Amino acid sequence: MASKRIAPSVLAADFANLQRDVEMINNSEADWFHIDIMDGVFVPNISFGMPVLRDIVKHATKTIDVHLMIVDPDRYIKTFADLGSNILTVHYEACTHLHRTLQAIKANGMKAGVALNPHTNVTVLEDIINDIDLVCVMSVNPGFGGQSFIENTYKKVKQLREIITRNNAQTSIEIDGGVTNKNAKELIEAGADVLVAGSFVFKSENPTQTIKELKEIIKL
């Protein structure tokens with residue numbers, strides 16, 4: 001994955017005007033839709049489920065990047081494939097048999113992602129990195145938008161990039177949480193490929209312009 005990508009997080013959108021915000025992403029320079037599914041068990045929050053995702057997909061014209069923050073994600077792999085997900089990311093901490101889960105995601109025609117909580121060391125993925133299309137490094141504690149960025153993330157990204165290079169893997173690195181125009185460039189320089197931006201985009205005066213500015217930063 002050569003080009004660097006911006007994936008606005010729909011969790012930060014205005015749910016009373018969801019179609020409007022989806023169209024905004026369609027018409028912006030954003031690359032992906034990042035969609036957080038939370039169950040209130042794996043993380044202390046509930047976001048939205050299948051009906052809302054179905055409606056987003058109905059209007060979205062870009063890659064659908066679904067991040068499952070749920071226990072026992074295996075139960076829903078086929079469901080999320082049927083709903084139109086292009087990338088399905090599960091949490092390392094929620095999967096007892098991670099290799100089997102990744103195989104099931106790919107068997108259902110999606111790219112397979114693995115998310116790591118802030119306390120999880122990237123070395124746990126060394127033995128399986130060639131089976132992973134995308135690693136989502138959580139740069140805040142998962143569950144809520146609008147949190148501040150964890151500075152240790154830069155070190156984790158560099159370590160992960162080394163693991164990917166050493167194993168000659170094609171894995172992309174995604175950063176999720178607290179991404180702004182202040183840390184975007186440094187994250188890309190550390191080795192990130194995809195930046196998820198939620199509150200920073202949707203709470204700005206002009207979300208389309210904010211996305212454009214982020215794209216310009218990461219092209220540098």
Q: Please enumerate the residues belonging to segment 91-116 that are surrounded by 21 or more Cβ atoms within 10 Å (Cβ to Cβ) and closer than 18 Å to residue 33 by Cβ.
A: 105, 110, 112, 113, 115
Q: Could you look through segment 7-54, keep only residues that are of a type in the set (Val, Ile, Thr), in contact with a strand residue (DSSP E or B) (Cβ under 7 Å, 6 or more places away or on another chain) and over 14 Å from residue 199 (Cβ atoms), and pick out the one that is surrounded by the fewest Cβ atoms within 10 Å (Cβ to Cβ)?
A: 46
Q. Within segment 1-24, how many residues turn out to be more than 19 Å from residue 187 (Cβ to Cβ) and without any contact (Cβ under 8 Å) to a residue 40 or more places away in the chain?
A. 7
Q. Within segment 103-150, restricting attention to residues that are acidic (Asp, Glu) and touching a Lys or Arg at 6+ places or on another chain (Cβ under 9 Å), which residue is nearest to residue 180 (Cα to Cα)?
A. 133
Q. Just a yes or no: is a residue in segment 143-160 of a type in the set (Asp, Glu), surrounded by fewer than 21 Cβ atoms within 10 Å (Cβ to Cβ) and in contact (Cβ under 8 Å) with a residue 12 or more places away in the chain?
A. no
Q. When segment 175-210 is examined, which residues are found to be touching a residue at least 60 places away in the same chain (Cβ under 8 Å) and surrounded by fewer than 23 Cβ atoms within 10 Å (Cβ to Cβ)?
A. 188, 193, 199, 202, 203, 207, 208
(Q) For segment 117-140: of the residues being part of a loop (DSSP other than H, G, I, E, B) and touching a Ser or Thr at 6+ places or on another chain (Cβ under 6 Å), which is surrounded by the most Cβ atoms within 10 Å (Cβ to Cβ)? (A) 139
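Looking at segment 201-220, can you tell me whether even one residue there is in a loop (DSSP other than H, G, I, E, B) and modelled with pLDDT under 95?
Step one: of segment 201-220, the residues in a loop (DSSP other than H, G, I, E, B) are 203-206, 220.
Subset that is modelled with pLDDT under 95: 220.
Scanning segment 201-220, I find at least one residue that is in a loop (DSSP other than H, G, I, E, B) and modelled with pLDDT under 95, so the answer is yes.
Looking at 163, 175 in this structure, which one is more than 28 Å from residue 13 (Cβ to Cβ) and either in contact with a strand residue (DSSP E or B) (Cβ under 9 Å, 6 or more places away or on another chain) or assigned to a helix (DSSP H, G or I) (or both)?
After applying the criteria, what remains is 163.
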Q. Looking only at helices (runs of 4 or more DSSP H) that fall completely inside segment 1-116, which ones have 1 or more residues that are small (Gly, Ala, Ser)?
A. 77-82, 98-107
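The values are calculated or read from the model by the stated rules, or taken from the named source; none is laboratory data. Everything numeric here is computed off the predicted structure, so don't read it as measured data. Methodologically, a virtual Cβ is constructed for each residue, glycine included, from the backbone with ideal geometry; neighbour enumeration extends over all protein chains shown.
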